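What follows is a set of notes on a single structure, which appears directly below.
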Amino acid sequence: MHEHIIIWIAVIMMLGISAQWIAWIIRIPSILVLLVFGIIVGPLTGIIDPDAIFGDTLFPLVSLSVAIILFEGGLSLKFEDLRGQAIVVNRLVLTGTLVSWVLGAVAAYYILGFSLSMSLLIGAILVVTGPTVIIPLLRQTRPREKVACVLRWEAIVTDPMGAIFAVLVYEAIVGGQFHALHGVAALGILKTVIAGGGCGLAAGYILITLLRRYLVPDFMQNAVTLLMVLAAFTVSNLIQSESGLLAVTLMGAFIANRGGINISHIVEFKENLRVLLISVLFIVLASRLRIEGISGLTLESLVFTGVLIVVVRPAAVLVSTLGSGLKWSERAFIALVAPRGIVAAAVASVFALRLVDAGVEQGAMLLPVTFMVIIVTVVFYGLGAGLFAKILKVAKAKPNGFLIIGASSWVLSIASALKDVGIKTVLVDTNRGSVMAAHMQGLQAYYGSGVSEAVLRDVDMDGIGRLLAMTPNNETNSLAMLHFKHIFPSSELYQLAPEKDMEKVSRKVISNRLHGRFLFGAGCDYWSLSQMFARGAVVKKTNLTEEFGFYSFLERFPSAIPLFLVLETGELSVFTQDTQPQAGPGQILISVVETAAPAGEAKTHSVGLDY
């Protein structure tokens, strides 16, 4: 029996991770692929039956998993990121949630034909959005920072609120106190805030104290953090039912906003754990659907979902953003982004089972209606958010620019060439003379260490999506890779190779996990490039045509070192020691070419067919 459980758990994990990977490859929201996989292996084929596999432990495991996900979301809540948007966030979380709850309940009552109590329950469940669906959408659409901040905070904070509201309604239903719901709700909210707030803040304070006093060894910090999260969740729930979600969210936010400790490794661990948990949860919960429940969904369910999208969400945002200072386009975009996620699915799954056991007939329809809303909203917002952002002009341009660590004379020549083709560059150097020289060439440069926290605070990172580390110090270049690995994707972290052959580099000079992608061709280290420029090398920008293509260029300049390739779309590819972009007509090649220029001169040069 145990062997079968292990096999099914492994299958579920493989399905979930595969779905995440496929979604990344085809660039669609991962939750959509996860739901499709879950429905295929569950109600459509009956391959996986979570109730038979996990038994009575299913929903406790789901609850613990959701708690970890919300804690990870809380870790991303930095008060300094609000930047004047605190009022909007407060209104959306409080006023907007109440408006969504009431209007959603009204829609369920009149469209789905639910009883008043069931309407209030499903209205409470569907007020949430959630970081599991919002954060990938924000990453995909890249809206302006204040819009992204509002949506991110709303998603994380409303998740526990929706669960709390649902618990209060459920207790009123099964306890026969529905006529006194307002009293039950007021008392329940007070107890939840006290229990959840107290346990979350206490656990966060204890964890920070342990870390600050070095009472936890480095290799156990992630494990102890997970221990404290589960403890806060469990104790809070023992004091007040379902208050644990609020506890772990507050715990994460408390830790994220207390200085003096480095939590980057904890954040990384929780992010990896979140991906795994989401992958498993959506497969498990979607596979619990029953074919009769899906077939029972009618046109009314689709109309109900449409009302949530077209009426309820815009009304909640309109009320919450009055007089907020947000532009109408920003308010419209916020109104057009409200997909439902894992918390709605988990809460609906739990209460559907409890209501059926309690003899509430409409309880059986709670889960399929919720999943209908999840699927439709994910498809609508996931596929439409990018288009909405473009139409409303709230999307930031693709971050095609470079943050360059190091500003020696020939590095400035490369930065100038990038600037000339429309690529933003920002340089950081500890040499004031180099920074002044950059300013004299019209380049944006900052004095300071490229691996300090001040870089992220002081440097204008808007439009910057890649890192070039080109200092003469190999250790500094590698340290920059580590410092920015949470800011830029690993595929966009570049550095000059150390001045040794690649075999020795990989074995002795630097660990594979401590360096970025090595720039340009083999042997292109800082000192070899410096010697080239000392001999008169220049940076060239060459228009490639049918008559004069990439190979013609190499024949004319056999010692040239290709650096970058500017595509016709304006995007730029980097030549590295592991990848060589395919150059073609209509593109611009930026390279280093040795000419007869005076020794020591480094400048951007263009002749003949050059651009």
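The values are calculated or read from the model by the stated rules, or taken from the named source; none is laboratory data. The shown structure was predicted, so the numbers you read here are calculated from the model rather than taken from an experiment. Positions of Cβ are backbone-derived with ideal geometry, glycine not excepted, and every protein chain shown enters the neighbour counts.
At a glance:
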quantity: The lone exception for E242 - which of (1) surrounded by 19 or more Cβ atoms within 10 Å (Cβ to Cβ); (2) part of a helix (DSSP H, G or I); (3) at pLDDT below 90 it fails; calculated: (2)
quantity: Answer from T579, T545, T569 - the residue that is of a type in the set (V, I, T), farther than 21 Å from T595 by Cβ and touching a Pro at 6+ places or on another chain (Cβ under 9 Å); calculated: T545
quantity: Options K485, K419: the member that is basic (K, R), without any contact (Cβ under 8 Å) to a residue 40 or more places away in the chain and in contact with a Gly (Cβ under 8 Å, 6 or more places away or on another chain); calculated: K419
quantity: Options L285, L281, L238; residue that is of a type outside the set (D, E) and more than 27 Å from the chain's Cα centre (by Cα); calculated: L238
quantity: Residue match in segment 577-585 (condition: small (G, A, S), modelled with pLDDT of 85 or more and more than 21 Å from A438 (Cβ to Cβ)); calculated: no
quantity: First in segment 141-166 and outside any helix (DSSP H, G or I), second anywhere and β-branched (V, I, T), Cβ under 6 Å, 6 or more apart; calculated: P143/V394; R144/V394
quantity: Some residue of segment 55-66 being among the hydroxyl-bearing types (S, T, Y), within 21 Å of L289 (Cβ to Cβ) and touching a residue at least 40 places away in the same chain (Cβ under 8 Å); calculated: yes
quantity: Every pair of residues 6+ apart whose Cβ atoms lie under 8 Å, when the first sits in segment 422-450 and is free of Cβ contacts under 8 Å to residues at least 12 places away in the same chain while the second is assigned to a loop (DSSP other than H, G, I, E, B); calculated: none
quantity: When residues of segment 489-523 are limited to those that are part of a loop (DSSP other than H, G, I, E, B), of a type outside the set (G, A, S) and buried (at least 19 other Cβ atoms within 10 Å of the Cβ), the one modelled with the highest pLDDT; calculated: L496
quantity: Total residues in segment 100-130, condition assigned to a loop (DSSP other than H, G, I, E, B) and over 32 Å from the mean Cα position of the chain (by Cα); calculated: 3
quantity: Qualifying residue in segment 154-173 (condition: in the same structural domain as L75 (by TED's automatic domain parsing), among the aromatic types (F, W, Y), modelled with pLDDT of 90 or more and under 29 Å from the mean Cα position of the chain (by Cα)); calculated: no
quantity: Test result for V184, modelled with pLDDT of 75 or more and in contact with a helix residue (DSSP H, G or I) (Cβ under 9 Å, 6 or more places away or on another chain); calculated: no
quantity: Selection from segment 320-351 of residues that are in a helix (DSSP H, G or I) and β-branched (V, I, T); calculated: I334, I342, V343, V347, V350
quantity: So V317, is it on the phi < 0 side of the Ramachandran plot, surrounded by fewer than 16 Cβ atoms within 10 Å (Cβ to Cβ), within 29 Å of the chain's Cα centre (by Cα) and assigned to a helix (DSSP H, G or I); calculated: no
quantity: Boolean, L227 is without any contact (Cβ under 8 Å) to a residue 40 or more places away in the chain and over 23 Å from P131 (Cβ atoms); calculated: no
quantity: Qualifying positions in segment 540-587 - of a type in the set (F, W, Y) and farther than 20 Å from S416 by Cβ; calculated: F548, F550, Y551, F553
quantity: Subset of segment 524-559 [closer than 15 Å to A583 by Cα, aromatic (F, W, Y) and surrounded by fewer than 13 Cβ atoms within 10 Å (Cβ to Cβ)]; calculated: Y551
quantity: Per-region count, segment 381-408, residues surrounded by fewer than 18 Cβ atoms within 10 Å (Cβ to Cβ), part of a helix (DSSP H, G or I) and touching a residue at least 12 places away in the same chain (Cβ under 8 Å); calculated: 3
quantity: Residue list for segment 69-80, filter: crowded, with 16+ Cβ neighbours inside 10 Å and either of a type in the set (D, E, K, R) or under 17 Å from V128 (Cβ atoms) (or both); calculated: I69, L70, F71, E72, G73, G74, S76, L77
quantity: Any hit, segment 347-368, residues being among the small types (G, A, S) and over 25 Å from E242 (Cβ atoms); calculated: no
quantity: Residue satisfying all of: in segment 1-46; in contact (Cβ under 8 Å) with a residue 60 or more places away in the chain and in a loop (DSSP other than H, G, I, E, B); surrounded by the fewest Cβ atoms within 10 Å (Cβ to Cβ) among these; calculated: R27
quantity: Subset of segment 324-374 that is among the aromatic types (F, W, Y) and within 17 Å of V127 (Cβ to Cβ) - its residue that is modelled with the highest pLDDT; calculated: F371
quantity: Lone unmet requirement of (1) farther than 28 Å from V369 by Cα; (2) buried (at least 19 other Cβ atoms within 10 Å of the Cβ) for Y214; calculated: (2)
